[in-house]
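Nothing in this text is a laboratory measurement; each read-out follows from the coordinates by a stated rule. As the structure is a prediction and not an experimental result, all values here were calculated from the model. Cβ placement follows ideal geometry from the backbone for every residue including glycine, while neighbour counts extend to all protein chains displayed.
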Amino acid sequence: MADQAALDPTVARAARLTATGLRGPRLPDAPAVVDALLAVQGQELQPALWGLSRRVAPSSRPGRAAVNAALADGRLLRTHVLRPTWHLVRPRDARWLLELTAPRITRLMASTEKSWDLGDLGPGTDAVAAAVADGPRTRAQIRDELVARGVLDPAAPGLAFTQMLMHAELQRLVISGAPPDGKELQHQSYAAFDDRVPAGYGPLGERFDAAGAVLELWRRYLPGRAFATVNDLRQWSGLTARDLRPALDALIDAGEVVQVPGAGGLDGLTPVATAATAARWLDDGAAGPEDLTSEDPARDDVPRAGSEVDLLQAYDELLMSYRETRHVVLDPTLPPPDRAGAYVHTVAVDGVVAARWRWPAPSPRGAVVDVQWLRDPSPAEQGALDVAVADLDAYLAG
């Protein structure tokens, strides 16, 4: 693609809205959304599950109970993987992603443990595994058992127990389990890893191969993110550029991936995309940002006139999938959003960050969403926000 058109922020933003599933044809259910994105940050669990539901086709869009059920029955799993934070993954991807990224996460954790003088936490991981041998246990139940076994000092800082649990996850001893009471997961529970994750390494086959795993990482990351740089995937995966670059070069040489010159706010950068993504958004006659309007017949969604507002969870993949090129969803005239206080979540207007919001407390009046705008909204934008809040209310009631 020697004459490849340049990529500007407007096209990049539109392509990402489609690739991450917020626009365009949607997927059949929440597990399919996670499959398409490979992993979804799930630090704020209930808002993260809401974010999955927004990417499901309206004809089958699940309510809160249905998405929580997918986590409870193991179609979705939650664990510490990639960079050291919670992520939602599919069972078939849990083992190879952990094998690929756990060594680096473990090294990062070591500095924390040294600074807190936590000592050797190794014996705690075996005790965590023993605690779930007979079935899922909540975090509190596991802690009680570790104290009873003498593995954990009841006066130890909470970080010591947290690190023990994380090590057990990274060693593939435990992973998220069903809530013991069968109800919505209010507190993290754990189950034996092999009880919830199939044998083998999913798309890699029966054996783990590090080079093949990085190839798979690129092949799964790019279609769900559109245009991105090595530094974007470096931030998202927790791996180094040295880890990532050889696999990318191989995919470029094979013609699976193309490099695209950046323009405007992306000038000086060279994002990459799958050949199909680049052809769709940049070749002559390809789709463009106008294809994301409410008149687009390809959209599996209720037609909406004017602006569209998304109530994004704080760590939505539209925001967290990127580092070097994250700014394409920011308005340079506005102060950068932060996650101070309770207003940790993001309101995007047509894919551009415009406000913060906080997750609503249960109320007989339905979802009452408190929004802090970074600028004055137009009447049309306020109306679009009202539509988004109504969707959230329906989800919470479902």
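Seen against the Cα atoms of the chain and their longest principal axis, helix 91-115 is set at about 70 degrees. The phi-based Karplus calculation (6.51 cos²θ - 1.76 cosθ + 1.60; θ = phi - 60°) puts the 3J(HN,Hα) values of region 346-359 at 10, 9, 10, 10, 6, x, 10, 4, 9, 6, 10, 8, 10, 4 Hz, whole numbers, x for Gly and Pro.
Given 25 °C and 0.890 mPa s, how large is the Stokes-Einstein diffusion coefficient of region 1-137 in µm²/s, with Rh as the Kirkwood radius over Cα pairs?
Numbers: Rh = 17.6 Å.
This corresponds to a translational diffusion coefficient of 140 µm²/s.
If you take the Cα centroid of region 226-285 and the Cα centroid of region 116-136, the two points sit 40 Å apart.
For the pair residue 382 and residue 139, what calculated FRET efficiency results from E = 1/(1 + (r/R0)^6), where r is the Cβ-Cβ distance and R0 = 25 Å, to the nearest 0.05?
The value I calculate is 0.05.
Taking Cα atoms only, the orientation of helix 9-19 departs from the longest principal axis of the chain by about 50 degrees. Which one, 264, 124, 171, projects farthest toward the positive side of the charge dipole computed for the chain from Cβ point charges (K/R +1, D/E -1)? Of 264, 124, 171, it is 124. Would you report the distance distribution of C-alpha pairs in region 304-397 as whole percents per 10 angstrom bin, up to the bin with the largest distance? It works out to 16, 49, 30, 5, 0, in whole percents.
With kT/(6 pi eta Rh) evaluated at 37 °C and eta = 0.692 mPa s, and Rh the Kirkwood radius from Cα pairs, region 146-284 diffuses with a coefficient of 176 µm²/s according to Stokes-Einstein. Please report, to two decimal places, log10 I(q)/I(0) for the chain at q = 0.07, 0.09, 0.11, 0.13 Å⁻¹ as given by the Debye formula with identical point scatterers on the Cα atoms and no solvent. Treating every Cα as an identical point scatterer, log10 I(q)/I(0) equals -0.34, -0.56, -0.85, -1.17.
Cβ crowding within 10 Å, taken as a proxy for footprinting-reagent exposure, orders 195, 243 from fewest neighbours to most as 195, 243.
Return the FRET efficiency for the residue pair residue 210, residue 372: r is the Cβ-Cβ distance, R0 is 51 Å, and the value is rounded to the nearest 0.05.
Numbers: r = 44 Å, r/R0 = 0.87.
For residue 210 and residue 372, the calculated efficiency is 0.70.
Per-residue ellipticity at 222 nm for the chain, helices alone: DSSP H runs ≥ 4 residues times -39500 (n - 2.57), over residue total, nearest 500 deg cm²/dmol? Before the final figure, lay out the partial values.
Values: 15 runs with 163 residues, N = 398.
Only helices count here, giving -12500 deg cm²/dmol.
Over region 53-203, consider all pairs of different Cα atoms and compute the Kirkwood hydrodynamic radius from their mean reciprocal separation; express it in Å, one decimal. Its Kirkwood hydrodynamic radius stands at 16.2 Å. Shown for 167, 327: other C-beta atoms within 10 Å of each C-beta, ranked fewest to most, produce the order 327, 167.
Taking 0.36 nm per residue of sequence separation and subtracting the Cα-Cα distance, how much length would be gained by fully extending the chain between residue 231 and residue 331, in nm to one decimal? Each step should come with its number before you reach the end.
Details: separation 100, 0.36 × 100 = 36.00 nm, distance 2.14 nm.
Working it through step by step, the gained length comes to 33.9 nm.
Computed from the C-beta positions of residue 114 and residue 338, the FRET efficiency with R₀ = 35 Å rounds to 0.75.
A cut-off under 15 angstrom between Cβ atoms defines the neighbours of residue 34, and their net charge, with Lys, Arg +1 and Asp, Glu -1, is +4.
Among 356, 172, which comes first, then next, by fewest other beta-carbon atoms within 10 Å?
172, 356
Once the Cα-Cα distance is subtracted from the 0.36 nm per residue extended length, the residue 8 to residue 199 segment shows a gain of 64.4 nm.
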